[in-house]
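Student: Pasting a structure here, questions to come.
The values are calculated or read from the model by the stated rules, or taken from the named source; none is laboratory data. Because the structure is a prediction, the values reported are computed rather than measured. No Cβ is skipped: glycine too gets one built from the backbone with ideal geometry, and neighbour counts run over all protein chains shown. When the accessible area is computed, the model is the full protein with side chains, heavy atoms only, and any ligands, DNA or RNA have been set aside. Shrake-Rupley method; radii C 1.70, N 1.55, O 1.52, S 1.80 Å.
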Amino acid sequence: MPSRKTLQSVSHNFARSFTSLVNYMETDYFLDLLLKKMRQTGRNCLEVDVLKNEATPKELITTEIEASIRSWNKWFPELVKNNGSSMDFVISAKMTITFDLSMGRPYAKDPRYTESPFICAINIRDDRGKEYRHEHKDVVLS
């Protein structure tokens with residue numbers, strides 16, 4: 001029987017997977033592409049409505065970034081099911097990826113690279129109004 005409780009695991013797994021090295025496009029990792037586009041535009045936050053398959057701001061959306069978002073959003077219902085829940089319970093699923101563009105530090109193991117910190121937050125709301133939130137903090141090497 002499907003459970004709402006596992007939606008907390010879904011939020012964790014989706015955020016971690018989306019920002020992992022598994023999210024590789026034809027030429028680069030998703031987060032590297034996103035960070036480059038953020039630096040170009042000065043926009044530091046990507047907002048993704050997972051259920052509506054929409055992402056803003058449009059200035060950050062390239063063909064590769066859009067393809068990745070679309071692919072991961074398509075996988076979301078399968079993740080929900082595989083975690084023992086049901087999409088019937090999910091009313092909304094929204095994710096933000098925010099970089100601190102003002103902060104970059106040399107990577108301790110190889111100063112040729114820069115560490116850029118980011119936060120990926122996902123909030124899933126169920127049909128009873130309960131929210132399942134996960135915040136993943138990490139760095140991207142560039």
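Student: Please determine, by comparing only the residues of region 32-45 that are touching an Asp or Glu at 6+ places or on another chain (Cβ under 6 Å) and open to solvent by 30 Å² or more (accessible area, probe 1.4 Å), which one is farthest from residue 98 (Cα to Cα).
Tutor: 41
Student: Something else about it: Quick one: in region 59-77, which of the residues that are touching a Lys or Arg at 6+ places or on another chain (Cβ under 7 Å) and not hydrophobic (A, V, I, L, M, F, W, C) is farthest from residue 23 (Cα to Cα)?
Tutor: Across region 59-77, the extreme among qualifying residues is 59.
Student: Within region 82-98, restricting attention to residues that are assigned to a helix (DSSP H, G or I) and either free of Cβ contacts under 8 Å to residues at least 12 places away in the same chain or more than 30 Å from residue 1 (Cβ to Cβ) (or both), which residue is most open to solvent (accessible area, probe 1.4 Å)?
Tutor: Step one: of region 82-98, the residues assigned to a helix (DSSP H, G or I) are 82, 87-89.
Adding the requirement that they be either free of Cβ contacts under 8 Å to residues at least 12 places away in the same chain or more than 30 Å from residue 1 (Cβ to Cβ) (or both) leaves 82, 87.
On the way: 82: 111, 87: 62 Å².
Among those that are assigned to a helix (DSSP H, G or I) and either free of Cβ contacts under 8 Å to residues at least 12 places away in the same chain or more than 30 Å from residue 1 (Cβ to Cβ) (or both), it is 82.
Student: For the subset of region 110-133 comprising residues that are within 15 Å of the chain's Cα centre (by Cα) and open to solvent by 30 Å² or more (accessible area, probe 1.4 Å), which member is farthest from residue 45 (Cα to Cα)?
Tutor: That would be 133.
Student: Can you tell which of 69, 65 is part of a helix (DSSP H, G or I), open to solvent by less than 90 Å² (accessible area, probe 1.4 Å) and free of Cβ contacts under 8 Å to residues at least 24 places away in the same chain?
Tutor: Working: 65 fails: free of Cβ contacts under 8 Å to residues at least 24 places away in the same chain.
Exactly one residue qualifies, and that residue is 69.
Student: In region 39-55, which residue that is over 13 Å from the mean Cα position of the chain (by Cα) and polar (S, T, N, Q) is nearest to residue 119 (Cα to Cα)?
Tutor: Only one residue fits best here, namely 44.
Student: Considering 24, 29, which residue is modelled with pLDDT under 95, farther than 27 Å from residue 127 by Cα, surrounded by 19 or more Cβ atoms within 10 Å (Cβ to Cβ) and not hydrophobic (A, V, I, L, M, F, W, C)?
Tutor: Every option except 29 fails the conditions.
Student: Looking at (1) over 15 Å from residue 10 (Cβ atoms); (2) not in a loop (DSSP other than H, G, I, E, B), which is the one condition that is false for residue 101?
Tutor: (2)
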